[in-house]
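Let me begin by presenting the structure, written as structure tokens, before commenting on it.
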Number of protein chains: 2
Amino acid sequence: MRCGELPSRCAFKGATATMPARCCLPFSVRSVPAGAFPTFPTPSPWVSWISDIIVVVSPENIETMKSIIEKYGHKKVTVAEGGITRHRSIFNGLKLFSENEFSNHLLQKPEVVIIHDAVRPFVEEDILLKVVMAAKEHGAAGAIRPLVSTVIASAADGCLDHSLERAKYRASEMPQAFLFDIIYQAYQQCTDYDLDYGTECLHLALKYCKTNAKLVEGTADLWKVTYKRDLYAAESIIKDSLSQQICIITDVKEAVVQVGFLLHECLRSQIKVEAVSVSLSKGNSHLQNIFSGQCYNFVCINDKKYATEEIQQLVNMLEESNIPLLHPVVLISAHLNSLENTSFSIDLEELTRMKKFAREVKRKNILVYGLLVQCKDSFPLQETVNSAAALTMALIKDRNPELIGQLLVA
Amino acid sequence: MRCGELPSRCAFKGATATMPARCCLPFSVRSVPAGAFPTFPTPSPWVSWISDIIVVVSPENIETMKSIIEKYGHKKVTVAEGGITRHRSIFNGLKLFSENEFSNHLLQKPEVVIIHDAVRPFVEEDILLKVVMAAKEHGAAGAIRPLVSTVIASAADGCLDHSLERAKYRASEMPQAFLFDIIYQAYQQCTDYDLDYGTECLHLALKYCKTNAKLVEGTADLWKVTYKRDLYAAESIIKDSLSQQICIITDVKEAVVQVGFLLHECLRSQIKVEAVSVSLSKGNSHLQNIFSGQCYNFVCINDKKYATEEIQQLVNMLEESNIPLLHPVVLISAHLNSLENTSFSIDLEELTRMKKFAREVKRKNILVYGLLVQCKDSFPLQETVNSAAALTMALIKDRNPELIGQLLVA
């Protein structure tokens, strides 16, 4: 989506924070783990049409949020101080566009503002776009979802009074979008009761500006990360999304290239595979492209026993590629063992060095694992490669930081 | 909770199936993965007061369900055939208590029946008890939860009509409990429209039997396993619950006992640790008690290089203990390496045998991993044991079946 196709001057906001963009997004970051923020799509090109993002954070978390924004290179983000309720926080975020006292540099007032919850980190561009377009037409718009449970009203004695017909009602979710003037006027007219006890922005637009928001069907991704189980789910979803692509790197020796080819064949039914046969010592533009293409998994096959040098080179190239390592990269150093003797001797000092190296590299968010691939007549090669593929998938899906520096045997 | 303290003759039921127990539980198993069922508390002693459990399953899944029940030794369970809607399925389940044509042996009619969804596998006894007691008093009762989102009504043009005040409404969840006669009469009087489009059992009790159900606050555990993310969350919750207790087994040699002690010290801040110093070749009643105490994690420390025999003995003891292995057991074979030379030679044929052995044992739902612990002057022992503890926790938390038979180095 290019800027020109979009309502110009909209601002993207989140739950009790404000994120603008000629679209602004206010966020409630109070209840969100620090790790959740980097999954937010800020640095990705698809939010290019969002001009400003305001993140509203409780006072005690402002410094933490600023350091996260700096660490991960998030652009266009301004931090605002949250209030004691949701509505007060959103209002604080909106004020950054029009009240000088709240900011040393006033942000340019957007035409449309998006309000979003930071506890819904998996929001897609598509739904943002839909609510923005609908807000331009109707003045306000919000995502809705079908009700998961029947909604009931209870009587004073704690017994069922009546149940609502589920099909007639919807759950109101985020994101929501508004013409800035409408939502800002609504907040200016709010009573203290609204600000303290209200939760629904669409309700304010209706009550104070007579604006009936357009309702837009959202996807299941909009769920709120609320309970511990949601953190588990979010972690698995992120790990899943990081396990979509792998790059197999081999040097140009025949035996190594052959194993690389077989591994490629094994893996490609489960994951998108890029294969590169290259001498790592030279800079390589193909590899650079893969690095910047959001690939988070690498298998480097070689016939050296401890390929520390090759792995160090890859680590350097990843660092030099300047992509912010938002998520851990998996780097598997696969070693072909073609000696015919059945005893493989592991030098414990060398292994200790490998583990130390892996611990150091982990600080850069790169997880290094070792993999021994038997490549000799007494072992059926295809079977070994199948096992190597299974171990590779297990390592990249788990991204277990405790297993770094270990040597697994295929 | 003992039988005598409970309303006698209640039956436990689930979502589109029926599970009775002097309490009966009808289940909708259509949308539930086969693996979810074993987490259901059926075999655990705390449902001793449930006399029968009816699981209502769609026709094409009846054989699968029967094989699951047999495999895991679920007791008191009868399978009923589901209908095409939720209410029709529940009704089918209830008929097993009163209509001969639906069963070759009619189940004894319960006083109270619980209706539950199989998609809520983490239900606790406490809430079952609460709804049963409330149903005895009020005729009907159901669990409720606060609304997570605002509920809105939309107008014909797809715009917001009005929003409900969130505090006045609740989400109606499961379990629900009813006097059998009330819910059965309600179903008998139902119209086809109710059976085809209704979803709320409390509504039927109110409409046809003038019974205002008592509403009981439920816990967050009652959430519905609905989306892929919920399966992720459920898996993590189960793995978490399996990682609460570990048993460290050592032989009686001094060096081994010392490492066992240090490992115990390291682990006990994270997990409940049982430590046993024993010669494995003899039957041991203490170990037997641990097996039957729902312990799913074992570390067996020895000074042999490949302790296949010891591990085989443990596997045999686990099998002989006759507890149904509902969840995978982790068995870590930790080997102390006290040889002073820095090179540790791994016999690849031996390792291949270990992996083969691990694959065989995995069929019994036992996951075997190897762990090498350096125990010599050149390595600081405490550091090595710390590393062994971290690897142990990582292995039991992940229960990764692809890593079985691997030898990790602490």
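Bear in mind that the values in this text are calculations on the coordinates, not laboratory data. These figures come from a predicted structure and were not determined experimentally. Virtual Cβ from ideal backbone geometry, glycine too; neighbours counted across all protein chains shown.
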Treating only the Cα positions of region B:243-409 as identical point scatterers, give the base-10 log of I(q)/I(0) from the Debye formula at each q in 0.13, 0.16, 0.18, 0.19 Å⁻¹. -0.57, -0.89, -1.16, -1.31
Please arrange A:I396, A:I366 by how many other C-beta atoms lie within 10 Å of their C-beta, fewest to most. A:I366, A:I396
Mind jotting down the three principal axis lengths of region B:45-180 based on Cα atoms? Whole angstrom, largest first. 53, 35, 29
In nm, what does the list of distances from A:E360 to its counterparts in the other copies look like, shortest first, when each label sits 7 Å along Cα to Cβ? 4.4
Starting at the first residue of region B:248-258, write each ³J(HN,Hα) from the Karplus equation 6.51 cos²θ - 1.76 cosθ + 1.60 with θ = phi - 60°, in whole Hz, x for Gly and Pro. 9, 10, 10, 7, 9, 5, 4, 4, 5, 4, 4
For B:T219 and B:Q294 in the same chain, what is the full-extension length gain: residue separation times 0.36 nm, less their Cα-Cα distance, in nm? 24.6 nm
Per-copy distances of the A:A156 label point, shortest first, in nm (7 angstrom along Cα→Cβ): 3.9
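Please give me, ordered by residue number, the trypsin sites (Lys or Arg not before Pro) of region B:220-287 that lie in loop per DSSP and have at most 10 other Cβ atoms within 10 Å.
Sites meeting the loop and neighbour criteria: B:K282.
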Determine, from the Cβ-Cβ distance of B:Y227 and B:K304 and an R0 of 41 Å, the FRET efficiency 1/(1 + (r/R0)^6), rounded to the nearest 0.05. 0.30
Of the convex hull drawn through the C-alpha atoms of region A:156-307, the volume per residue in Å³ is 267 Å³
Long-range amide H contacts for A:Y369: which residues qualify at under 5 Å (H placed 1.01 Å from N, peptide plane, sequence gap of 5 or more or a different chain)? A:L331, A:I332, A:S333, A:G405
Between B:T64 and B:A255, 0.36 nm times their residue separation minus their Cα-Cα distance comes to what? 63.8 nm
Output the pairs from B:K224/B:K397; A:K109/A:K136; B:K95/B:K168; A:K305/A:K376; B:K305/B:K356; A:K76/A:K109 with a Cα-Cα distance over 26 Å in this structure; if there are none, say none. B:K95/B:K168
Separation of region B:377-402 and region B:250-264 by C-alpha centroid, Å? 15 Å
When a footprinting reagent is the concern and you count Cβ atoms within 10 Å, what order do A:L367, B:L160, A:L381, A:L195 take, fewest first? A:L381, A:L195, A:L367, B:L160
Taking a crude spin-label model, label points 7 Å out from Cα along the C-beta direction, the A:E81 to A:I323 distance in nm is 3.9 nm
Which distances, shortest first and in nm, link B:S292 to the matching position in the other copies, using label points set 7 Å out along Cα to C-beta? 6.7
